[in-house]
Amino acid sequence: MDLWTFHRYREPRLCVDAIELATDSPAVTLVQGDARYTLALDDRAAAARMAAELATLSDSGAPLWDLMRQAGADGWGALGAFLDSRALIREGHDEARRLLAARHAAIDACIAGTIAAIRDDLPAARRDRLARHAALLHAEAETVLGSDTLGTLGDPFDADRQPNFFLGLIVAEFAYFRRSAPLTLIAASVMLARIAGDDARLPETDAVLEALALYDPQDLEAHLWLVARALADSTGDTAQRFATPPIPDLPMLPGLEFMRRVEVLTRSALRAWGENPYVTLLDALGDRWSPLIAGPFIEQYHVTCRFVEIVAPSLSRRLIAPLRAMMFRYYGEEVGHEALESTTCETLGITQAALDQAVPLPLHFAFVDLLTLVAQIDPVTACASIMVIEGVFGEPPKMSLRLAAVARTNPAFSELAGDHDELNEDLNHNSISRDAFEHIAAVPPATQARVIRRILFLLELNHRAWGGIADFYGPQAALHLQGSLGRPLSPSGDAPPAR
């Protein structure tokens, strides 16, 4: 962490109630509330000069401020440090209202731009359905804002209660927003109301003003894009949940046996869904280079930057000792892994500036959100969901093997592409779910059903997210990233890409 010093004030001003010159000794006293700070000097003339100099510090342009900044740790510099350490300096520079107004206006513009971009891309025949779905979800957002529930439509992870995958995803996102991004929930509600036909505006309540000061506008933009894209996709032919194996009606099981059955069910579901579109396109490349190859590393970078958020909720739970130790170790083993992904992206010609400006593809952004939400609300599912992230026990990292084979013509790429997977293999990360459930004594039947529903949803989200990479990067002739409102962003981050 950086050390705070008084040099960092933009317009420093002395903040005291009074400056008192002693009548019976060579001293100056600074009064602030019930606190008194006395500076002793050599004689009364020096004390009078000091009192006069200190009085000038109520003006941030006083020459004495420059003297204190230039003096280092001694003399006037020591006085500046003393004043600051006693909270006797205030920041005179105040742009709070202007900054909050600008952020408020920027969110309003983002909402308007997002709505326009989504409507422009949507066939006219689906716009009525878009408005109906938006009205339904606006009501859900308002419900979630005022409660600690997953809305009024039932468990969004349950295909029987919500057969439209994208509507379920948005409702689950609302629950995530309420806990982790409250300003986004309010903004999403306004956006949905407008899509439904109402003239809604972002309110200027104290809660909104507080949130404007705290929450990241770039994340808010990415989340509004996620909600809008999912809303548009909810009106399409591919919105229905994937067919899944029936959830078995089981007695209470030991944790390890339950995890084994989840693995069996997972393999069954993945076989039924077949190869995802990304793998199909990748295999069709042969030895040719394509932006399709870069796509996973760009999107994985955005996932890995936030990955420890998935583990963090478990660290504050008073779990049994083996689980608690495991989660702390997992957190430590994942911190900093984004450096591997950014180095790979650099090898592919993608600058850090471009990665910083890029908006993650919606379903990859949602993947981290929902895994974090699960960790916040359901520790048993959180333990099982590590399998969705790290892979089913016993399965090799097939996607990475395919990528390495396709990209073998780029030596630097081949050397770097497998680093993260090799690290995860060395750390046995696809064993974590089994390791966790070995210590869970029992899983009751109702818990089993809830966990399985949520794991199947996360598996489907992961499958669809890979399809999203295929849809975005597959048609590209020259690589570009996703920028603001879905616009193309150059790999350099500073110019439109060649099309």
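Which peptide among 481-487, 28-34 comes first, and what is the full order, when sorted by highest mean count of other Cβ atoms within 10 Å? Can you show the working numbers first?
Values: 481-487: 18.9, 28-34: 14.4.
Ranking, from highest mean packing down: 481-487, 28-34.
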Distance (nanometres) between label positions extended 7 Å along Cα→Cβ at residue 42 and residue 74: 1.5
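According to the square roots a ≥ b ≥ c of the eigenvalues of the Cα gyration tensor, what is the shape class of the stretch 100-244, taking rounded for a/c under 1.5, prolate for a/b larger than b/c otherwise, and oblate for the remainder?
Details: a/c = 2.03, a/b = 1.35, b/c = 1.51.
Verdict is oblate for the stretch 100-244.
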Intensity falloff of the stretch 176-224 expressed as log10 I(q)/I(0), Debye formula with alpha-carbon point scatterers, at q = 0.24, 0.27 Å⁻¹: -0.90, -1.07
In order through the stretch 333-350: 3J(HN,Hα) via Karplus (6.51 cos²θ - 1.76 cosθ + 1.60), integer Hz, x for Gly, Pro: 6, 9, 4, x, 5, 4, 4, 5, 5, 5, 5, 4, 4, 4, 4, 8, x, 9
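At 222 nm, what helix-only mean residue ellipticity would the chain give, in deg cm²/dmol to the nearest 500, using -39500 (n - 2.57) for each DSSP H run of four or more?
Result for the chain, helices only: -19000 deg cm²/dmol.
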Centre separation in Å (Cα based) which lies between the stretch 466-494 and the stretch 200-265: 23
Heavy-atom SASA rank of 281, 253 (probe 1.4 Å, accessible area, largest first): 281, 253
Sorted peptide list for 88-100, 46-58, criterion being average Cβ within 10 angstrom, highest first: 46-58, 88-100
Shape metrics for the stretch 206-260, restricted to C-alpha atoms - Rg then Dmax, Å: 20.5, 51
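Which FRET efficiency value, to the nearest 0.05, is calculated for residue 268 and residue 98 with the Förster distance at 60 angstrom and r the Cβ-Cβ distance?
On the way: r = 58 Å, r/R0 = 0.96.
It comes to 0.55.
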Ordering of 3-9, 355-361, 446-452 by packing [mean C-beta count within 10 Å, highest first]: 355-361, 446-452, 3-9
Taking N as its residue count, the alpha carbon Rg of the stretch 142-217 over 2.2 N^0.38 Å: 1.16
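Size of the dipole of the chain about the Cα centre, Lys and Arg at +1 and Asp and Glu at -1 on the beta carbon, nothing else charged, in debye to 20?
Working: 44 positive and 66 negative charges, 243 e Å.
In total the dipole reaches around 1160 debye.
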Top positive-direction residue, dipole computed over the chain with Cβ charges, set 50, 211, 431: 431
Calculated from backbone phi, Karplus (6.51, -1.76, 1.60) coupling profile of the stretch 31-48 in Hz, x at Gly/Pro: 10, 9, x, 8, 9, 10, 10, 9, 9, 8, 10, 6, 8, 5, 5, 5, 5, 5
Shape parameters for the stretch 73-147, alpha-carbon atoms, Rg then Dmax in Å: 24.8, 76
Lys/Arg +1, Asp/Glu -1 at C-beta; the chain dipole; positive extreme among 157, 292, 480: 157
Selection from 115, 131, 326, by position along the positive dipole direction of the chain (Cβ): 131
Between helix 76-85 and the chain: long-axis angle, C-alpha atoms, 0 to 90°, nearest 10: 60
Rg ratio (alpha-carbon, reference 2.2 N^0.38 Å) - the chain: 1.22
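Expected output is a single nm value to one decimal: the length gained when fully extending between residue 116 and residue 331, i.e. 0.36 nm times separation in residues minus the C-alpha distance. What is it?
On the way: separation 215, 0.36 × 215 = 77.40 nm, distance 4.02 nm.
Length gained, residue 116 through residue 331: 73.4 nm.
The values are calculated or read from the model by the stated rules, or taken from the named source; none is laboratory data. For clarity, every value in this text was computed on a predicted model and none was experimentally measured. We place every Cβ from the backbone using ideal geometry, glycine too, and count neighbours over all the protein chains shown. These accessible areas exclude ligands, DNA and RNA; they are computed on the full protein's heavy atoms, side chains included. Shrake-Rupley method; radii C 1.70, N 1.55, O 1.52, S 1.80 Å.
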